[in-house]
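Following: one structure in structure tokens, then a few remarks.
We did not get these values from a lab; they are worked out from the coordinates using the rules stated. This structure is a prediction, so every number in the text was calculated from the model and none was measured. Neighbour counts are summed over all protein chains in view; Cβ atoms, including those assigned to glycine, are modelled from backbone coordinates with ideal geometry.
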Amino acid sequence: MKAQPGQLPQLLKKGLAPVYLVSGDEPLLVQECCDQIRSAARGAGFEDRVTYHADHQLDWNAVGEEFGALSLFAERRRIEIHLPSGKLGDGRKLLERVLPEPPDDIILLLISARLDPAELRRKWYKLLQDKGVHITVWPIDPDKFPTWLQQRARNQNLNLTRGALDMLSERLEGNLLAAAQELERLALFSKGDTIDEEAVAQAVQDSARFNVFELVTELLAGNTSNAHRIIGFIEQEGENPLGLLSILSRDLNLALELQRAIARREAAGGFLKQRGVRQPQRARALEQAARRLSQPQLYQALELCSDIDRAAKGFAALPPWHYLRDLANLMAANPLTR
């Protein structure tokens, strides 16, 4: 069956399904849905966890052996498979074999970017809908982001003035992961007091989180020295790079779209306004990137974003900051011929 994130708590109360698929482009909401499933599975005795990342290096035969292996001390297991491309690939045959009669001692959790439309027509997906649950996570519309932010703040017992809400909404520009992390900071900063514009401004000044937005601007502008300085600062602060990655991937894709629009002789300013880009500094950086970088460079930068994502989730030998520095060097290089 298909369900929305808001339906998940009630579904879990009714009992666990043998397989869950959580897909979408909002890392925070995907993560929170997965955490709910993990918590319910642990509560039901599925303590052991085996995790796979479905890239070109994954050996699906090894995954199949895990399904067929006996649990150590007969404990129940959770098998988690990350699908960064939204495609199951060579894993389709395995799921088509496993899903008709799922093992009683395994909960399977598939975690995906927005699922490729072609996958929805395949046999494994139909089997999954019959045996399990697909939680589809849709982006929050820009005009609904302030309402989402206000509700999130209330859930954390934070009282935001209208001015503070507007300031945060403009600054965060719809990034849910950065928003959640910033509200956690404000909760520590406010000490129970009402949060107004002055409090938000002070928190911004004291917070490394908003250096993330500065870093994305410096990367787009090709300012390598400034980018490396901010990367070092954020790394020292112990920040989670996934919030940065969400913002950076969004703007790299937007720069690619803008590049195509400019080639069609569309006005850059009008295009960016239609995409909801209101801050002049960000608009300038996006236009600079679209005009300065080649299409191959932008695609290579997105590939490095994938490397950063894998490293942040523990699927690479090097830390994510290594790949981020490579990305900074790439985006400062002389443009290739378009």
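Values computed for the structure shown
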read-out	value
Under 18 Å from the Cα of Lys13 - lysines, other chains or at least 8 residues apart	Lys2, Lys131
Within-9-Å neighbourhood charge of Ile106 [Cβ basis; K, R +1; D, E -1]	0
Longest DSSP-loop-exposure-free segment, GluC sites (Glu not before Pro), the chain, at most 15 other Cβ within 10 Å	76-236
Near-label residues of segment 312-332 by backbone N, under 12 Å of a point 7 Å along Cα→Cβ of Asn240	313
Estimated 222 nm signal from helices in the chain, with DSSP H stretches of n ≥ 4 weighted -39500 (n - 2.57), rounded to 500	-18000 deg cm²/dmol
Aspartates and glutamates whose Cα lies under 13 Å from that of Lys87, excluding same-chain neighbours fewer than 8 positions away	Asp55, Asp116, Glu119
Added length on full extension, which subtracts the Cα-Cα distance from 0.36 nm per residue, Arg121 to Glu75	13.1 nm
Kirkwood Rh and Cα Rg combined as Rg over Rh, evaluated for segment 133-225	1.02
Sum of side-chain charges, Asp326 neighbourhood, beta-carbon under 12 Å (Lys, Arg +1; Asp, Glu -1)	-1
Segment 42-169 - convex hull of the alpha-carbon atoms, volume per residue in Å³	156 Å³
Fully extended contour minus Cα-Cα distance, from Glu32 to Ser225, at 0.36 nm per residue	65.9 nm
Gain upon complete extension [Leu188, Arg114; 0.36 nm per residue less C-alpha separation]	23.3 nm
Size of electric dipole in the chain: Cβ of Lys, Arg +1 and of Asp, Glu -1, about Cα centre, debye, nearest 20	1040 debye
